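A quick write-up on the structure given underneath.
The values are calculated or read from the model by the stated rules, or taken from the named source; none is laboratory data. Everything quoted here is computed from the prediction, not taken from an experiment. Every residue, glycine as well, gets a Cβ built from its backbone with ideal geometry; the counts of neighbours run over all protein chains shown.
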Amino acid sequence: MATPLTGQQIIDRFELYTDDTTDLSSDEELIVANDKLRLIYMEQPWEFLRRKKTGVVGSDGKITPPTDFDELMENYSEDPTISEPLLKVIFIGSQKSPYFVVPMGQRNANQYSNVCWVDPTDGKINFVQSPGAGTPYEYDYKTSPDDIAVGTSPALPPEYHPMVVFGMLIDEEIIKKSEKARSNMQDNAIQYQRYMKNLKLRDARFKLV
């Protein structure tokens, strides 16, 4: 099993590849690492960032997402023969009745009452007809991980942590500071894309399990 890389180890590897010729400080290198890591997180709704959230509807009749909430994820299929979930729903009540998630602009266009949406004005999950305060719920969401620090590691699977380094190496603002990085730009880009392609294949396998 791969050993997770800390923020400091990612910086050390980056400096190794650039022969420590970059003009960036360690703090600036960490900022770049987090910028690249954030781009990876935003690439798609990764399964490794999927989390289950349970709770009860608030006193205002809405659901308040957790602080690390990024977006809802597909967790339901009306066809039991389809293994991959196709729809986003909020399971409501002890019977886990599915409330379908729709774009806010379509909230009044649906003929059913079991419809909900994420309101961008308050960031809460709203209902056409609230199931009532205290009603239990469950849903899946994509988490938005905290930035890494020198002593913490990315939320990526450990074997993919080196791709953050390659992402840093192909950054335009970094390449111009290092002749070696400039000459190796194509190789670094190939390595990064190799990691990304493999990560997407890994993610796809998790969806079909």
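A few points about this structure:
- Among residues of region 126-153 that are closer than 25 Å to residue 59 by Cα and in contact (Cβ under 8 Å) with a residue 12 or more places away in the chain, those with a beta-carbon under 8 Å from a residue that is part of a loop (DSSP other than H, G, I, E, B) and among the acidic types (Asp, Glu) at least six positions away or on a different chain give the pairs 126/119; 133/60; 140/74; 143/68.
- Given (1) at pLDDT 95 or above; (2) assigned by TED's automatic domain parsing to the domain that holds residue 132, number of the condition residue 86 does not satisfy: (1)
- Filter pass, residue 136 being more than 30 Å from residue 43 (Cα to Cα) and surrounded by 16 or more Cβ atoms within 10 Å (Cβ to Cβ): no
- Top-ranked residue in region 64-96 [being in contact with a strand residue (DSSP E or B) (Cβ under 7 Å, 6 or more places away or on another chain) and among the small types (Gly, Ala, Ser); ranked as nearest to residue 141 (Cα to Cα)]: 77
- Positions within region 10-40 being among the polar types (S, T, N, Q) and closer than 15 Å to residue 169 by Cβ, in sequence order: 18, 21, 22
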